[in-house]
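The values are calculated or read from the model by the stated rules, or taken from the named source; none is laboratory data. Bear in mind that the values here come from a model prediction, so they are computed numbers and not experimental data. Note that we place each Cβ from the backbone using ideal geometry, even for glycine, and neighbour counts take in every protein chain shown.
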Amino acid sequence: MFGFFSSNLITVVDGIAFGVLLFTIALGLSLVFGVMDVLSLAHGSLYLIGSYIAVSVSTAFTPTLGFFVLALVLAVALGSLAGAGLSFLTRPLASRGHLDQALLTLGVAFVVGDLLAQQYGREVRTVAPPSPFDGSVSVFGSTYPTYRLVIIAVGLALAIAAYLVIERTKMGALVQATVADAQMVRALGVNTGRLMTGVFAVGAALAAFGGVLGAPILNAAPGLDNRVLILGLVVVVIGGLGSVAGAFVGALVIGQVQTLGVSLAPSYAAFLTFGAMALVLLLRPAGILGKGRLA
Amino acid sequence: MSADLVVTNLRAGYGVSTVLDGVNLTVGAGEVVGLLGRNGVGKTTLMSTLMGWLSPSAGSVRLGDREIAGLPTHQIARAGVAIVPQGRRVFAPLTVENNLRIAHKGSQRWTIERIFEIMPRLAERRRNRGDQLSGGEQQMLAIARALLLDPALLLLDEPSDGLAPSVVTQVMEILASLRGEGLSVLLVEQDLHVAFSVADRILVMQKGRIVHDSTTEEFRSDGERGRRLLGIA
């Protein structure tokens with residue numbers, strides 16, 4: 001048992017880092033779907049926009065921590081604006097079902113994808129980790145890139161912050177109440193339209209933030225938007241809709257499936273992620289931590 | 001805060017079917033008005049329309065000097081209308097305390113502490129989730145949530161529905177204790193005992209219209225007429 005862990009430790013830690021990145025996109029997807037009942041397939045584009053912001057900033061400046069933080073700030077600002085825009089765009093479709101919303105947001109994703117490809121080209125663009133974190137450290141005797149540990153730390157901090165906001169603040173209570181019964185929340189004098197735009201903006205900002213954070217390990221390239229979107233959706237299904245803890249657990253599970261699973265059983269790589277999702281759907285249709293109230 | 005509610009020729013429905021067919025009614029400042037009627041005559045539709053959950057196709061709803069018909073729900077709520085809806089609709093995933101916190105908008109008169117004094121049972125259950133409460137506790141929570149909005153007009157849709165008699169008594173006591181607050185109340189109620197004990201005036205609805213309007217005493221004085229209006233054999 002110990003031998004297994006020591007020989008696969010780096011892969012496990014890699015899986016945690018990847019899972020944390022997936023969490024940034026899955027949390028937004030989960031909240032937007034849970035609170036607004038809007039299925040946004042443009043969420044992967046927001047992630048990719050973040051990654052290309054990291055590319056632009058790291059091309060224009062030396063990759064120091066300051067400029068990396070600048071990229072994060074830009075991504076959050078642009079992501080929030082894009083999220084608010086998507087919220088307005090999808091509002092007229094609120095009563096027309098998920099298929100129409102999926103078609104609209106998928107259209108947006110195609111347009112954004114093409115615009116980004118025009119701007120940045122079709123080849124893979126790499127981003128160097130910011131300077132204090134571009135080295136390696138020793139983890140249980142193995143050498144490991146420092147930056148991936150930073151991703152894990154930032155992701156954990158984000159998860160804790162999101163959990164505290166949703167579970168402990170009045171705003172979080174309002175978000176949960178809106179997921180449960182938006183009409184009744186309006187009867188308390190709350191403009192749920194504004195609340196939903198806010199949630200969409202935060203969800204989108206998180207995805208763009210994840211895009212910057214993930215750029216030094218996943219790079220930026222056309223198609224990455226679809227990959228993270230699909231994995232994000234799988235995470236939401238596995239973790240349960242509208243649940244912060246669910247999105248986190250789901251993201252860690254898929255992170256491991258994508259790294260450890262693929263490393264141990266490479267021939268089943270394509271099957272593993274969706275196999276894991278099917279298994280969860282069979283055993284717990286509302287997700288690992290889902291309460292089933294949004295089904 | 002208290003206000004007159006004046007509803008004039010209000011019409012509303014679902015799709016092509018008209019449910020409210022020209023409703024006229026008033027609720028005076030500080031008055032408790034009981035709205036009676038058989039199932040399906042439009043009482044809950046009236047409550048939903050007053051709250052803005054359903055858009056009226058015609059007519060006027062004035063609260064004080066403000067026209068509120070057709071406004072979005074959150075603006076109607078901010079104008080001073082609160083509802084205790086049928087089925088209570090407390091927020092299941094939230095604790096009692098959070099159900100109350102999101103309703104409280106800074107009213108000095110109605111605070112969560114005061115609610116806990118009036119309804120000590122809710123204080124005991126403050127850390128429980130909405131879906132862990134009994135029907136009576138949920139009803140109290142729904143009433144408390146509405147009071148924290150410090151409304152001018154309280155819409156109560158069948159507060160005794162599905163509750164044990166002892167719990168109905170508790171709910172009635174709470175409603176009676178609100179009398180001194182100057183709150184205007186429109187109460188839809190199937191339980192005549194509850195309606196008679198708290199209402200100043202009784203309205204009867206038939207086929208989407210108000211067909212009777214009198215003081216509670218006057219309504220009770222003619223049992224035969226009451227039974228006829230309510231279709232009780």
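Please pick out the residue among B:96, B:84 that is β-branched (Val, Ile, Thr), under 17 Å from the mean Cα position of the chain (by Cα) and more than 7 Å from chain A (Cβ to nearest Cβ).
Only one candidate qualifies: B:84.
Could you check, for the range A:209-221, whether at least one of its residues is more than 14 Å from chain B (Cβ to nearest Cβ), in contact with an Asp or Glu (Cβ under 8 Å, 6 or more places away or on another chain) and in a loop (DSSP other than H, G, I, E, B)?
yes
Select from the range A:257-287 the residues that are surrounded by fewer than 18 Cβ atoms within 10 Å (Cβ to Cβ), modelled with pLDDT under 80 and under 30 Å from residue B:92 (Cα atoms) and list them in ascending order.
A:284, A:285
Listed here are the residues, each with its yes/no results for (1) free of Cβ contacts under 8 Å to residues at least 12 places away in the same chain; (2) closer than 30 Å to residue A:175 by Cβ.
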{"residue": "B:7", "(1), (2)": "no, no"}
{"residue": "B:17", "(1), (2)": "yes, no"}
{"residue": "B:90", "(1), (2)": "no, yes"}
{"residue": "B:96", "(1), (2)": "no, yes"}
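Kindly provide the set of residues from the range A:138-193 that are in contact with a strand residue (DSSP E or B) (Cβ under 7 Å, 6 or more places away or on another chain) and closer than 21 Å to residue B:78 by Cα, ordered by number.
Scanning the range A:138-193 gives a single hit, A:187.
Does the range A:179-191 hold any residues that are at the interface with another protein chain (Cβ under 7 Å from one of its Cβ atoms), assigned to a helix (DSSP H, G or I) and either within 17 Å of residue B:153 (Cα to Cα) or touching a residue at least 12 places away in the same chain (Cβ under 8 Å) (or both), and which are they?
A:180, A:184, A:186
When you look at residue A:201, is it touching a residue at least 12 places away in the same chain (Cβ under 8 Å), under 20 Å from residue A:71 (Cβ atoms) and surrounded by 19 or more Cβ atoms within 10 Å (Cβ to Cβ), yes or no?
yes
Looking at the range B:64-81 only, could you name the residues that are within 14 Å of another protein chain (Cβ to nearest Cβ), in contact with a helix residue (DSSP H, G or I) (Cβ under 8 Å, 6 or more places away or on another chain) and outside any helix (DSSP H, G or I)?
Scanning the range B:64-81 gives B:68, B:71, B:72, B:81.
Any residue at all in the range B:104-119 that's within 14 Å of chain A (Cβ to nearest Cβ) and in a helix (DSSP H, G or I)?
Yes, the conditions are met somewhere in the range B:104-119.
Please enumerate the residues belonging to the range A:142-176 that are more than 30 Å from residue B:97 (Cα to Cα), outside any strand (DSSP E or B) and without any contact (Cβ under 8 Å) to a residue 12 or more places away in the chain.
Once the filter is applied, which keeps residues that are more than 30 Å from residue B:97 (Cα to Cα), outside any strand (DSSP E or B) and without any contact (Cβ under 8 Å) to a residue 12 or more places away in the chain, the range A:142-176 yields only A:153.
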